[in-house]
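Please read the structure below before turning to the comments.
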Amino acid sequence: MDIVIDSRGGDFEQSIALYRAIRWAPALTRRVRMLRHCSSGAIVAMAGDVRIARHDTEVVALRHRTACR
């Protein structure tokens, strides 16, 4: 399975749902390539067995709404 991520944002719950779908997919190898931006896509990238990032990939730290209280 080959996945390409270039995301400037996204929803936390949807990112977790994508992570689970990728992890549970019947694939021998899950390769994730991160392009320029990877915010909530960083969660999705964690599902990969192999993660490849470009030299200029920007990963933004995420904070879930409940963690801000």
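In this structure, does Leu28 turn out to be over 13 Å from Val60 (Cα atoms) and buried (at least 17 other Cβ atoms within 10 Å of the Cβ)? Judged against the criteria, Leu28 is not a match. Taking region 39-51 as the search range and keeping residues that are part of a helix (DSSP H, G or I) and in contact with a strand residue (DSSP E or B) (Cβ under 8 Å, 6 or more places away or on another chain), which one is surrounded by the fewest Cβ atoms within 10 Å (Cβ to Cβ)? Among those residues, the one meeting the criterion is Ala42. Is there a residue in region 52-61 that is in a strand (DSSP E or B), at pLDDT 90 or above and not basic (Lys, Arg)? No, region 52-61 contains no residue that is in a strand (DSSP E or B), at pLDDT 90 or above and not basic (Lys, Arg).
Please indicate, with yes or no, whether at least one residue in region 31-38 is among the charged types (D, E, K, R), surrounded by 14 or more Cβ atoms within 10 Å (Cβ to Cβ) and closer than 21 Å to Glu58 by Cα. Yes, region 31-38 contains at least one residue that is among the charged types (D, E, K, R), surrounded by 14 or more Cβ atoms within 10 Å (Cβ to Cβ) and closer than 21 Å to Glu58 by Cα.
The values are calculated or read from the model by the stated rules, or taken from the named source; none is laboratory data. Remember, it's a predicted structure, so these values are computed and weren't measured experimentally. Note: ideal-geometry Cβ built from the backbone for every residue, glycine included; neighbour counts use all protein chains shown.
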